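Below: one structure, written as structure tokens.
Taken together, the values in this text are just the output of simple stated rules run on the coordinates, not laboratory data. Values in this document were obtained by computation on a predicted structure and should not be read as measured data. Quick reminder, even Gly has a Cβ in these numbers, built from the backbone with ideal geometry, and neighbours come from all protein chains shown.
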Amino acid sequence: MIPAAFDYTVADSADAAIAALAKHGDEAKLLAGGHSLIPLMRFRLAAPAMLVDIGRLDDLSYINDAGDHIAIGAMTKHRALETSDLLAAEAPLLRHVAGEVGDPSVRHCGTLGGSLAHGDPASDLPAALLASGGSLVIKGPNGERVLEAPDFFTGFLETALADDEMVTEIRVPKAGDIGWSYQKFNRRAQDWAIVGAAVMLGPDPKVALVNMGSAPMRHNGVESGLAGGAGLDAASVAGDDVDPPEDLNADAEYRKHLARVLVGRGIAEASG
Amino acid sequence: MEVSMSVNRETRTSDVEPRTLLVHHIRDTLGLTGTNIGCDTSSCGACTIHVNGESVKSCTMLAVQADGTEITTIEGLAGDDGELHPMQAAFMECHGLQCGYCTPGMVMAATSLVSENPGGLDETAVRQGLEGNLCRCTGYHNIVKAVLSVGGMA
Ligand SMILES: Cc1cc2nc3c(=O)[nH]c(=O)nc-3n(C[C@H](O)[C@H](O)[C@H](O)COP(=O)(O)OP(=O)(O)OC[C@H]3O[C@@H](n4cnc5c(N)ncnc54)[C@H](O)[C@@H]3O)c2cc1C
Ligand code: FES
Ligand code: FES
């Protein structure tokens with residue numbers, strides 16, 4: 001199917017994009033790589049009246065060393081993340097997870113900012129950002145604010161972004177030699193995760209789950225188990241205090257089982 | 001809206017509705033029907049082309065997003081004298097196609113994959129690299145053979 005008709009404008013700067021959003025309110029949507037939005041529009045699950053194309057904002061495509069963290073422009077494509085030497089050295093979890101998204105053609109188009117702003121609990125990169133302890137720089141008509149990842153993801157396809165705000169930068173603390181793992185469970189190559197688990201050990205361990213609730217989430221129970229030295233046993237609570245979706249691939253009980261297994265594998269790999 | 005792009009080394013300018021998908025623009029407006037459509041869900045890869053040298057599913061891009069880009073479709077892969085691109089020749093040689101429906105997309109994805117891996121690919125890398133392209137006939141073995149014969153490890 002083809003999308004419903006819409007007006008289209010190309011933004012030549014982040015400020016121009018924000019001005020266009022401010023003018024059109026909730027009628028308008030940003031178009032980054034389009035690899036979440038266009039499929040939705042083709043199914044008429046989304047029908048924005050105005051698309052503001054930020055796909056040409058090359059100045060928002062970068063991966064920079066910013067001292068204690070790595071700064072990544074919102075328009076940086078998955079392909080650039082998965083091939084970055086800087087990320088290999090400083091944020092290997094994010095780099096690895098970018099390479100797990102979809103297939104190469106998808107990764108040539110999809111952007112980190114788009115993947116996060118879409119707020120899909122089944123997406124891989126939100127879990128990587130949550131487990132990495134990352135944050136997002138959000139720009140609106142009145143300037144910038146910085147949100148920690150857990151405060152950004154608020155619900156199913158919902159984020160803390162206001163109608164006239166955009167993500168401009170993603171910040172990921174340098175990981176040093178902290179152990180990490182990403183476990184993505186699916187039945188066929190290129191599929192979305194049925195369940196996924198991102199694990200970062202270290203002094204402040206973080207564990208994020210894919211497709212285990214209405215929003216991308218961290219699992220506090222597993223994290224406090226790890227912080228208390230429970231090691232592999234921390235995985236046993238990964239199916240507690242979660243409300244996973246049910247679909248053709250898996251019911252809730254099976255997803256809880258997968259969460260325990262994948263978190264366990266993740267902790268084992270990250271400790272190895 | 002007017003869009004202009006280089007398609008197989010020729011500048012093509014047309015008036016399109018913003019909602020026109022790039023694959024429809026290529027097939028219906030430009031008349032290049034080598035690029036196929038196999039699904040509604042961005043999953044089959046039959047529509048794969050190159051945008052600025054990289055494989056892209058043209059059913060998941062708007063024609064307006066391609067304004068100013070360089071597009072190569074399966075029709076643009078062979079030399080001007082009609083000589084097949086080495087990847088096309090390898091698909092023929094290795095029997096990498098049966099009905100041929102997936103083939104244009106498969107070849108475009110494969111050429112992009114090989115150009116991104118100048119050090120050469122092993123079998124696993126080829127299989128993973130073609131993850132986004134489905135074939136209902138061949139069982140993939142001969143496709144993988146064809147791609148390895150062009151872009152395999154020395
Ligand atoms: C076949 C296929 C398979 C896929 N498989 C996976 C997978 O396995 N795992 C996975 O995680 N993802 C997968 N994806 C999704 C892919 O990663 C998308 O590219 C990504 O989710 C969205 O990024 P985008 O740049 O394409 O965003 P778009 O589709 O352009 O935008 C998505 C949403 O975010 C908003 N937005 C975009 N950029 C910004 C910004 N800077 N600030 C504020 N709002 C913004 C848009 O308005 C829109 O609402 C797949 C997609 C396809 C087509
Ligand atoms: S037609 Fe584009 S992926 Fe199937
Ligand atoms: S040859 Fe028939 S689908 Fe691939």
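Taken over the range B:25-53, the criterion of being facing chain A (nearest Cβ under 10 Å), surrounded by fewer than 19 Cβ atoms within 10 Å (Cβ to Cβ) and not hydroxyl-bearing (Ser, Thr, Tyr) is satisfied by B:Asp40, B:Asn52, B:Gly53. All conditions in (1) more than 24 Å from B:Ala110 (Cβ to Cβ); (2) within 13 Å of ligand 1 (Cβ to nearest atom) hold for B:Ser58, with the sole exception of (1). Scanning the range B:114-136 for residues that are away from ligand 2 (no atom under 16 Å from the Cβ) and out of contact with any Asp or Glu (no Cβ under 9 Å at 6 or more places or on another chain) yields B:Val114, B:Asn117, B:Pro118, B:Gly119, B:Gly120, B:Leu121, B:Asp122, B:Glu123, B:Thr124, B:Ala125, B:Val126, B:Arg127. Put simply, of A:Leu86, A:Leu45, A:Leu51, A:Leu37 the only residue that is hydrophobic (A, V, I, L, M, F, W, C), within 14 Å of chain B (Cβ to nearest Cβ) and surrounded by fewer than 19 Cβ atoms within 10 Å (Cβ to Cβ) is A:Leu45. Counting the residues of the range B:54-95 that are touching a Cys at 6+ places or on another chain (Cβ under 8 Å) and at the interface with another protein chain (Cβ under 9 Å from one of its Cβ atoms) gives 5.
Here A:Leu130 fulfils each of the conditions (1) part of a helix (DSSP H, G or I); (2) touching a strand residue (DSSP E or B) at 6+ places or on another chain (Cβ under 8 Å); (3) within 30 Å of B:Met106 (Cβ to Cβ) apart from (3). Are any residues in the range A:98-116 in contact with a Leu (Cβ under 8 Å, 6 or more places away or on another chain), outside any loop (DSSP other than H, G, I, E, B) and within 13 Å of another protein chain (Cβ to nearest Cβ), and if so, which ones? A:Pro104, A:Gly114 - these are the residues of the range A:98-116 that are in contact with a Leu (Cβ under 8 Å, 6 or more places away or on another chain), outside any loop (DSSP other than H, G, I, E, B) and within 13 Å of another protein chain (Cβ to nearest Cβ).
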